[in-house]
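**Q** Quick one: the structure is below, questions incoming.
Since every read-out is calculated from the coordinates, none of them should be taken as a lab result. Owing to the predicted nature of the structure, the values given are computational and were not obtained by experimental measurement. Glycine gets a Cβ as well: all are built from the backbone with ideal geometry, and neighbour counts include every protein chain shown.
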Amino acid sequence: MAHFVNNAYFSLEALWPTVRLAWHRRSFGGEATVPSKPLLLLTDPTHFEVSYTINPWMRPYAWAENPVGHLAAARRSFQSLAAALTAAGARLEIMPGVAGLPDMVFPANAAVVLDRLALLARFRHPERRGEEKHFLEHFRVLIERGLVLDEVVQLPPNCFQEGAGDCIWDVARGRFWAGYGQRSTRQAAVEVSAFFGRETTALELVSPRFYHLDVCFCPLSGGEIFYYPPAFSAASLAKIREVVAREDLIEATDEDAARFNVNAVNINDRLVMASASPDLVARLAERGYRVSQVDLLPFIMSGGGAYCMALRLDNRSAEASALLRAAE
Ligand code: ARG
């Protein structure tokens, strides 16, 4: 059942009772006929470039030395990523990019999605704000198609939240982890928790190099957390260690983090990530994960890796999965 809330600014905390009432209207039943492969949203890289600097990885002058060559390399990287994600078992939805909005290739920043609800991002930097309306339009198209989304909602003004890049669904624990301190506002974690009705732990990011949670924190299907401790405040590290058992914590090295390996897409026992060291591949294999490596250097020039480039549209809570199974 499609229902839009556009240009209406409200506190999502106040909206939660309405959302809860709407739960039974969501069309989980209709999904039973759809193959249960993960569905990822990607953006075509035709308009990708590095033309401004909003994180320390971005060097427009390096891009400008060979824009045609870098774009050609980006297209090849994108094709390899799409192939690796498909091989790992995903279905892909590829939307067009928009000229002048080069960072649309990172749709993980566009929204937080769970149980057929999308909370549209509100970008901190003016350079990326123009993306919001294009992603909103695409989410409307998806709602009209009726397959993955029922509703898209906007955040209150002045509450920055950069989508799944800064708010990651931990399927093993049924909770969100939300980054703040670089791009997203701390209050965003409260809004996410109220909107989705899920426990959401806010984690403070202290390094401009690791400006989104998804570049330093990656929950895995088996319950492990692959993370880079220096990116977090001491209090946030304590929170992580309070929730996650010691044996489930996998620490990334400086090299892993700098190669954007933490920014990985996890599908069951498969991990798709930027080129990694043999040591990391072996460490993850010991835990039962198979790594597919993709050369993502053109996108790393913008400060993004595999996870940023794919927004998971079919995240499910245990409750929704049970509804789905019942409908089968
Ligand atoms: N240049 C983009 C930015 O700084 C990169 C975004 C990468 N996305 C991510 N989810 N980490 O916003």
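**Q** Give the calculated FRET efficiency between ARG140 and ASP279 to the nearest 0.05, with a Förster radius of 45 Å applied to their Cβ-Cβ distance.
**A** It comes out at approximately 0.50.
**Q** Under 8 Å for C-alpha pairs, at least 6 residues apart: give me the relative contact order for the chain, rounded to a whole percent.
**A** Details: 660 pairs, mean separation 77.3, N = 328.
After rounding, I find 24 percent.
**Q** If you wrap a convex hull around the C-alpha atoms of the chain and split its volume per residue, what is the figure in Å³?
**A** Hull volume over Cα atoms, normalised by residue count, gives 122 Å³.
**Q** On a full-extension model of 0.36 nm per residue, what is the gain between LYS133 and ASP248, subtracting their alpha-carbon distance, rounded to one decimal in nm?
**A** Values: separation 115, 0.36 × 115 = 41.40 nm, distance 3.89 nm.
Length gained between LYS133 and ASP248: 37.5 nm.
**Q** Moving on. Would you list the membrane-span-like helices of the chain, meaning whole DSSP H runs whose alpha-carbon atoms span at least 24 Å along their axis and whose mean Kyte-Doolittle value is at least 0.5? List each step's numbers first, then the result.
**A** Working: long enough: 67-87 (30 Å, 0.52).
Both cut-offs are met by 67-87.
**Q** Sticking with this one: Label-point separation (nm) for GLU319 and SER36, each offset 7 Å from Cα along Cα-to-Cβ?
**A** 1.9 nm
**Q** Follow-up question, since we're still on this one. Write down the percent of antiparallel bridges among all DSSP beta bridges whose residues are both part of segment 80-238, to the nearest 5.
**A** On the way: 13 of 21 bridges.
Bridges in segment 80-238 that DSSP calls antiparallel: roughly 60 percent.
**Q** For each of ARG122, ARG287, count neighbouring Cβ atoms within 10 Å of the residue's Cβ, then give the residues from fewest to most.
**A** On the way: ARG122 21, ARG287 14.
Least crowded to most crowded, the residues run ARG287, ARG122.
**Q** OK, next. Any chance you could list the semi-axes, whole Å, largest first, of the equivalent ellipsoid that the Cα gyration tensor gives for segment 191-303, using √(5λ)?
**A** Ellipsoid half-lengths, sorted descending, are 23, 17, 14 Å.
**Q** Taking every DSSP beta bridge with both residues inside segment 25-163, roughly what % is antiparallel (nearest 5)?
**A** 40 percent
**Q** Could you tell me the center-to-center distance, by alpha carbons, between segment 48-79 and segment 250-321 in angstrom?
**A** If you average the Cα positions of each part, the centres end up 21 Å apart.
**Q** A follow-up question, please. For segment 271-328, what does the relative contact order come out to in percent, with C-alpha contacts under 8 Å and a separation of six or more?
**A** Averaging sequence separation for qualifying contacts and normalising by length gives 33 percent for segment 271-328.
**Q** If Lys and Arg each add +1 and Asp and Glu each add -1, what is the summed charge of the other residues whose beta carbon sits under 9 Å from the beta carbon of ALA188? Walk me through the numbers on the way to the answer.
**A** Working: positive: ARG122, ARG186; negative: GLU162, ASP166, GLU191.
Once all neighbours under 9 Å are counted, the net charge is -1.
**Q** Hey, another quick one. With 10 angstrom as the radius, rank ILE168, ILE54 by how many other C-beta atoms surround their C-beta, starting from the fewest.
**A** ILE54, ILE168
**Q** Under the Kirkwood approximation for Rh and a Cα-based Rg, what ratio Rg/Rh is obtained for segment 25-184? Display every interim value, and only then the final one.
**A** Numbers: Rg = 16.6 Å, Rh = 17.1 Å.
Taking Rg over the Kirkwood Rh, I get 0.97.
**Q** Report the local net charge at SER221: Lys and Arg +1, Asp and Glu -1, summed over other residues whose C-beta lies under 13 Å from its C-beta.
**A** Charge balance near SER221 sits at +2.
**Q** Would you work out which of PRO230, ALA172, GLY197 lies farthest towards the positive end of the dipole of segment 170-276? Charges go on Cβ: Lys and Arg +1, Asp and Glu -1.
**A** My answer, from the dipole projection, is GLY197.
**Q** Same structure again: Restricting to Cα atoms and excluding each atom paired with itself, what does the Kirkwood estimate give for segment 136-217 in Å?
**A** Numbers: mean 1/r = 0.0740 Å⁻¹.
The Cα-based Kirkwood calculation yields 13.5 Å.
**Q** Report the net charge of residues surrounding VAL98, where surrounding means a beta-carbon distance below 14 angstrom and charges are Lys +1, Arg +1, Asp -1, Glu -1.
**A** Values: positive: ARG128, ARG129, LYS133; negative: ASP44, GLU49, ASP103, GLU127, GLU131, GLU132, GLU137.
Every neighbour counted, the sum reads -4.
**Q** Return the percentage of antiparallel bridges among DSSP beta bridges fully within the chain, rounded to the nearest 5 %.
**A** The antiparallel proportion sits near 45 percent.
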